[in-house]
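Accompanying notes for the structure given below.
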Amino acid sequence: MTTYNILKLLVLTALLLGGNPHFAGAQSLAELLQIAVKNDPQLKAQMYEYQAALEKTAQVGVLPEPEFAMGVFLLPVETRVGPQRVRMSASQMLPWMGSLDAQKDAVNEQAKVKLQQVAVSQNQLLYNIKTLYYELYEMQKRVNILEENTAILQTFEQLALIKFEAGMSSMVNVIRTQMEMKKLQNDIASIKDKMAVKTIKINRHLYRNLTDEIVIPKELPTPQLPQLKENLIAAIAAENPSLQMLQMQQAAIEKRKTASAFSSKPTFGVGLEYAMVTKRNDMDVAKNGRDILMPKASVKIPLYKAKYQAQIKEQDYQLLAVQEKENYLQHQLLAALEQAYIEYEEAQKRIILYQEQIVLAKTGLDILVTDYSTAGKDFEDVLQMQEQIIAYKIAIVNALNDQWQIVAFVESLYMPGGEN
């Protein structure tokens, strides 16, 4: 991502967040991500560091300060045309042509690294929020499933009570159903406590009241990975924020190498010296009392170049180190991408399996309920089959959450924060 694109992203985000981030009502995931970007102090601090780095350009891209000097002769120096009373001089050092531009380029490239760090931190921040959001969604779906099961158990309770009153079943079946419902109520309460913890964590990332409600939609669209993995691999190589930062670091080192090379070049100086001479009173000579004006030129020759050569060699090693870091990170990202696709497909297979199992289990449950209604037998099997159906439904929700987490991770590999 270029510097322009990073700034454009941050500006657009700020414009989108012009209103009050603490409005009541439902908030989409995209809105929560925008609030996080606007409020996060780490991003603000890094943006200030970038702006501070830009100010260094004005510090290195100018000529050295000119030097002015003035001296008064306490004991005048006698010359043929009179005694010298005052001497003044001015000089300006001039670096090798192109040296100042090289220093400015080096500072600008280093500032770009600072700006890219903002994109890296923002990407990580939004990924963290996404994972918490999807976990909260998964918990809400589990609560819904358990509440649905509670309603079904209430129906079973009424059926068991009817069969008991008709003398076709034991009161134990009624008690067993009530025990199952109490267990579900406890499970629901436990999940809601965990949801409260997730809500606090999300609000902590948003830097707002920790108890602010996070409204989760009833349904999220099915998580999808891009089908063309090759396009995604190219996108990661071109757009991964961490890879881009390493590439910018390499560019900054190259610019510093260029600036270091100029350090071994001669530096020139020009100046002007003026001496005030008073007239001689003891005799009249030609040009009596004429002041002295002398142009000066100087050159500073760096004879001992070992330190400049060491600077360049140091930067060569730094460049090699960053290149190896880039190679390592690129390998790790591609390996993580391959693993993500495998885990996504594995989760999809689980979803299909559990959906098929639910169809079969519901058929079996219908048979068991019919048998119990007519003969008053196998009520425990009814409860077990219903419990198995609930387990499959929760397993599907867990697998969907795994897919959401995988999609969020893959998005973080090639998008500056991701989109939703």
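The values are calculated or read from the model by the stated rules, or taken from the named source; none is laboratory data. Predicted model only: the values in this text are computed from it and were never measured. Using ideal geometry, Cβ is built from the backbone for each residue, glycine included, and neighbour counts are taken over all protein chains shown.
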ASP371: surrounded by fewer than 20 Cβ atoms within 10 Å (Cβ to Cβ) and touching an Asp or Glu at 6+ places or on another chain (Cβ under 7 Å), yes or no?
yes
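Taking SER121, is it of a type in the set (Ser, Thr, Tyr), closer than 30 Å to LEU33 by Cβ and exposed (fewer than 15 other Cβ atoms within 10 Å of the Cβ)?
Details: of a type in the set (Ser, Thr, Tyr): yes; closer than 30 Å to LEU33 by Cβ: yes; exposed (fewer than 15 other Cβ atoms within 10 Å of the Cβ): no.
For SER121, the condition - of a type in the set (Ser, Thr, Tyr), closer than 30 Å to LEU33 by Cβ and exposed (fewer than 15 other Cβ atoms within 10 Å of the Cβ) - is not met.
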Answer yes or no: is there a residue in segment 63-83 that is under 30 Å from ARG290 (Cα atoms) and surrounded by 18 or more Cβ atoms within 10 Å (Cβ to Cβ).
yes
Selection within segment 246-268 - surrounded by 16 or more Cβ atoms within 10 Å (Cβ to Cβ) and in a strand (DSSP E or B):
THR267
Would you mind telling me which numbered condition in (1) part of a strand (DSSP E or B); (2) farther than 30 Å from VAL285 by Cβ; (3) modelled with pLDDT under 85 MET93 fails?
(3)
Check on THR155, at pLDDT 95 or above and assigned to a helix (DSSP H, G or I)
no
Odd one out for MET70 among (1) closer than 30 Å to ASP212 by Cα; (2) out of contact with any helix residue (DSSP H, G or I) (no Cβ under 9 Å at 6 or more places or on another chain); (3) among the hydrophobic types (A, V, I, L, M, F, W, C)
(1)
Could you please tell me which pairs satisfy a Cβ distance under 7 Å, a separation of 6+ or placement on different chains, a first residue in segment 363-377 that is at positive phi, and a second residue that is modelled with pLDDT of 90 or more and surrounded by 11 or more Cβ atoms within 10 Å (Cβ to Cβ)?
none
Scan segment 158-180 and tell me whether some residue there is modelled with pLDDT under 95, farther than 17 Å from ASP371 by Cα and not in a helix (DSSP H, G or I).
no
Taking segment 212-236, which residues are assigned to a helix (DSSP H, G or I) and either over 21 Å from the mean Cα position of the chain (by Cα) or surrounded by 14 or more Cβ atoms within 10 Å (Cβ to Cβ) (or both)?
LYS229, GLU230, ASN231, LEU232, ILE233, ALA235, ILE236
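Out of segment 112-170, which residues are among the β-branched types (Val, Ile, Thr) and within 23 Å of LYS194 (Cβ to Cβ)? So that I can check it myself, show each step before the final result.
Here is the first cut: in segment 112-170, the ones among the β-branched types (Val, Ile, Thr) are 113, 118, 120, 129, 131, 143, 145, 150, 152, 155, 162.
Passing the criteria: ILE129, THR131, VAL143, ILE145, THR150.
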Spot the failing condition for TYR133; the list is (1) farther than 21 Å from ALA347 by Cβ; (2) at pLDDT 95 or above, and only one is missed.
(1)
Where residues in segment 370-420 are in a helix (DSSP H, G or I), in contact with a Lys or Arg (Cβ under 6 Å, 6 or more places away or on another chain) and small (Gly, Ala, Ser), which of them is modelled with the lowest pLDDT?
ALA408
Looking at (1) in a helix (DSSP H, G or I); (2) farther than 30 Å from THR370 by Cα; (3) more than 21 Å from the chain's Cα centre (by Cα), which is the only condition GLU135 fails?
(3)
Which one of these does LEU74 not meet: (1) free of Cβ contacts under 8 Å to residues at least 40 places away in the same chain; (2) assigned to a helix (DSSP H, G or I); (3) over 44 Å from the mean Cα position of the chain (by Cα)?
(2)
Do you know which of the residues in segment 305-341 that are of a type in the set (D, E, K, R), over 19 Å from GLU239 (Cα atoms) and in contact (Cβ under 8 Å) with a residue 12 or more places away in the chain is surrounded by the fewest Cβ atoms within 10 Å (Cβ to Cβ)?
LYS305
